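Worksheet for the structure shown next.
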Amino acid sequence: MEKIIKGIAEFQKKDFKEREKLFKMLASGQSPEVLFITCSDSRIDPGMITQTDPGDLFICRNAGNIVPPHSMNTGGITASIEYALEVLGVREIIVCGHTDCGAMKGAMNPDSVKSLPHVSNWLGHSAAALARVKARHNEIGPDNLLEMIQENALSQLKHLETHPSVAAKLAVGKVRLHAWVYDIANGEVTCHDAKSDSYIPVENWYAQDIKSA
Ligand SMILES: [Zn+2]
């Protein structure tokens, strides 16, 4: 805790002062362009890996960067998605998984999480991803973890499409969905390329976006 308390004092003294204008502007509202859905894992710092500022990313985090398919049951993720699309008008939704994801390890080894009823249930939302990975191999193990992480991010995009607020914007081309994977060990971020059905470096996939910006 000491590190956190000292950190707040340091923030107020230094970073806040340096960027006071930005914070004063943000004090009365936000208009992020991106809904960023990622894992709760402590090793992911969305602001740092994207080098964005406060106010740029509307962030939802949970174990396994999971988006439950739409249902009539209200949940935190569902409400956040609805708010991001309908009120904030985000134009991009990124589901960002990461290497060494404990949630995905749990999804691949249900026995390891069977004493955790909520975790077990929650990871059921990754069942389709797991089924795809299993279908391609006789046996799955740690070597298939990255494939599982990649498939999971794609699965969650499919779930996003079932949310009416997302479906409506997709129908008129007002939102794009992206599956990303962050590699903790080397800082690389890859994204799913539909054409090649593979993950490629973000800077390659978005080269066109950057050029036209
Ligand atoms: Zn994770």
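Can you give the accessible area per residue of the chain, in Å², using a 1.4 Å probe?
On the way: 12560 Å² over 213 residues.
Counting only protein heavy atoms, the per-residue value for the chain is 59 Å².
Please list 21-30, 178-187, 35-44 highest first by mean number of surrounding beta-carbon atoms within 10 Å per residue. Show your work: numbers first, answer last.
Working: 21-30: 10.5, 178-187: 16.7, 35-44: 19.2.
Put in order of decreasing packing, that is 35-44, 178-187, 21-30.
Would you mind getting me the FRET efficiency between Asp100 and Asn121? Use the beta-carbon distance for r and R0 = 22 Å, nearest 0.05. Can you show the working numbers first?
Numbers: r = 23 Å, r/R0 = 1.03.
Calculated transfer efficiency: 0.45.
Over the stretch 34-140, what number does the Rg to Rh ratio reach, with both radii from the alpha-carbon atoms and Rh per Kirkwood?
Details: Rg = 15.2 Å, Rh = 15.2 Å.
Ratio of gyration radius to Kirkwood radius: 1.00.
Ignoring ligands, DNA and RNA, please state the percent of accessible area on the stretch 31-194 from carbon and sulfur, probe 1.4 Å. Please report the intermediate quantities before stating the final value.
Values: 4280 of 8110 Å².
In the stretch 31-194, the share of accessible area belonging to carbon and sulfur is 53 percent.
Suppose a student asked you for the relative contact order of the chain, using Cα pairs under 8 Å spaced at least 6 residues apart; what percent would you report? Display every interim value, and only then the final one.
Numbers: 289 pairs, mean separation 43.1, N = 213.
Once normalised by length, the contact order is 20 percent.
Quick one: putting +1 on the C-beta of Lys and Arg, -1 on the C-beta of Asp and Glu, what dipole do you get for the stretch 31-194 around its Cα centre, in Debye to the nearest 20?
Values: 12 positive and 18 negative charges, 99 e Å.
Magnitude of the dipole: close to 480 debye.
Give me a comma-separated list of calculated 3J(HN,Hα) values for the stretch 16-24, in order, Karplus coefficients 6.51, -1.76, 1.60 applied at θ = phi - 60°, integers in Hz, x for any Gly or Pro.
Taking θ as phi minus 60°, the curve returns 4, 4, 5, 10, 4, 4, 4, 5, 5 Hz for the stretch 16-24.
Compute, for Glu2, the solvent-accessible surface of its heavy atoms (probe 1.4 Å) with the complete set of protein chains present, and express it in square angstrom to the nearest 10.
For Glu2, the solvent-accessible surface is approximately 130 Å².
Quote the Stokes-Einstein diffusion coefficient, in whole µm² s⁻¹, for the stretch 76-210, based on the Kirkwood radius over alpha carbon pairs, a temperature of 37 °C and a viscosity of 0.692 mPa s.
Values: Rh = 16.1 Å.
Calculated translational D: 204 µm²/s.
The values are calculated or read from the model by the stated rules, or taken from the named source; none is laboratory data. Because the structure is a prediction, the values reported are computed rather than measured. Every residue, glycine among them, receives a Cβ derived from its backbone with ideal geometry; neighbour counts consider all protein chains shown. Ligands, DNA and RNA are excluded from the accessible area calculation, which covers all protein heavy atoms including side chains. Shrake-Rupley method; radii C 1.70, N 1.55, O 1.52, S 1.80 Å.
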